[in-house]
Structures are given as C-alpha cells and as structure tokens.
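In what follows, a single structure is set out as structure tokens and then discussed.
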Amino acid sequence: MNIDTTLELMRSMLWAALMVSAPVIGISMVIGLIISLVQVVTQVQEMTLTFVPKLLGVFFVLLFGGGWMLSRLLAYSRDVIVSIPQLIH
C-alpha cells in the first residue's frame with residue numbers, strides 16, 4: 001500500500017463522514033440560530049427552549065434521512081472491504 005492509496009482511503013472516509021453528519025449538524029445549527037434570534041428578540045433565556053427543538057429536529061432528520069445515511073455508510077464499508085485484496089498487493 002503506497003501513500004496515494006492511503007490518502008485516497010482517508011479522503012473517501014472523510015467525505016463519507018461529512019456526507020452522513022452534515023444533515024444532522026446543519027439542522028441543529030439552523031434551529032439553534034433561529035431559537036437564538038427568538039431569544040434575543042423576546043429576551044427569554046431558557047435553556048430548554050434551545051435543547052428541545054434541536055432534539056426534535058435531529059430526531060426527524062434521523063427518522064427521514066437515516067436510511068440514506070445507513071446506505072451511504074454501507075456503500076463506503078462495502079467499497080473498502082472489497083478493495084482490501086488490491087490494497088494488500
């Protein structure tokens with residue numbers, strides 16, 4: 001296994017991780033920003049006001065996008081496992 005192969009494996013691993021985690025992180029950031037703006041405007045500083053909507057948003061993203069995330073991870077894992085014989089030589 002040479003440096004180029006190692007870098008390609010690492011690049012594909014990071015890309016798969018980014019693609020799977022981006023929807024969850026993105027929805028959490030958007031909901032957090034919206035709730036923070038509402039808190040600034042209304043001057044209500046309640047911690048559960050930020051936590052519960054983020055939790056619900058992440059839950060729904062995982063509910064509706066979990067199958068896609070799982071298929072991406074399975075495809076990446078399958079590609080890595082299938083390429084093991086070529087990596088050994």
A careful count of residues in the range 1-29 that are touching a helix residue (DSSP H, G or I) at 6+ places or on another chain (Cβ under 8 Å) and in a helix (DSSP H, G or I) gives 11
Select from the range 31-45 the residues that are over 20 Å from Met19 (Cα atoms) and surrounded by 11 or more Cβ atoms within 10 Å (Cβ to Cβ) and list them in ascending order. Gly32, Ile34, Ile35, Ser36, Val38, Gln39
Name the residues in the range 16-70 that are among the polar types (S, T, N, Q) and in contact with a Gly (Cβ under 8 Å, 6 or more places away or on another chain), would you? Ser28, Thr50
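Quick check on this structure: which one of Leu55, Leu62 is over 30 Å from Met1 (Cα atoms), under 11 Å from the mean Cα position of the chain (by Cα) and assigned to a helix (DSSP H, G or I)?
Working: Leu55 fails: under 11 Å from the mean Cα position of the chain (by Cα).
Answer to the check: Leu62.
Among the candidates Leu56, Leu74, Leu49, Leu7, which residue alone is surrounded by 13 or more Cβ atoms within 10 Å (Cβ to Cβ), out of contact with any Asp or Glu (no Cβ under 7 Å at 6 or more places or on another chain) and without any contact (Cβ under 8 Å) to a residue 40 or more places away in the chain?
Numbers: Leu56 fails: surrounded by 13 or more Cβ atoms within 10 Å (Cβ to Cβ); Leu74 fails: surrounded by 13 or more Cβ atoms within 10 Å (Cβ to Cβ); Leu7 fails: surrounded by 13 or more Cβ atoms within 10 Å (Cβ to Cβ).
Among Leu56, Leu74, Leu49, Leu7, only Leu49 is surrounded by 13 or more Cβ atoms within 10 Å (Cβ to Cβ), out of contact with any Asp or Glu (no Cβ under 7 Å at 6 or more places or on another chain) and without any contact (Cβ under 8 Å) to a residue 40 or more places away in the chain.
Scan Ser83, Ser28 and give me the residue that is under 20 Å from the mean Cα position of the chain (by Cα) and surrounded by 10 or more Cβ atoms within 10 Å (Cβ to Cβ). Spell out how you get there, then give the answer.
Details: Ser83 fails: under 20 Å from the mean Cα position of the chain (by Cα).
Matching residue, one of Ser83, Ser28: Ser28.
Values quoted throughout were computed directly from the atomic coordinates according to the rules given, and no laboratory measurement underlies them. Small disclaimer: the values here were computed from a predicted structure and weren't measured. Don't worry about glycine lacking a Cβ; one is built from the backbone with ideal geometry, like all the others, and counts go over all protein chains shown.
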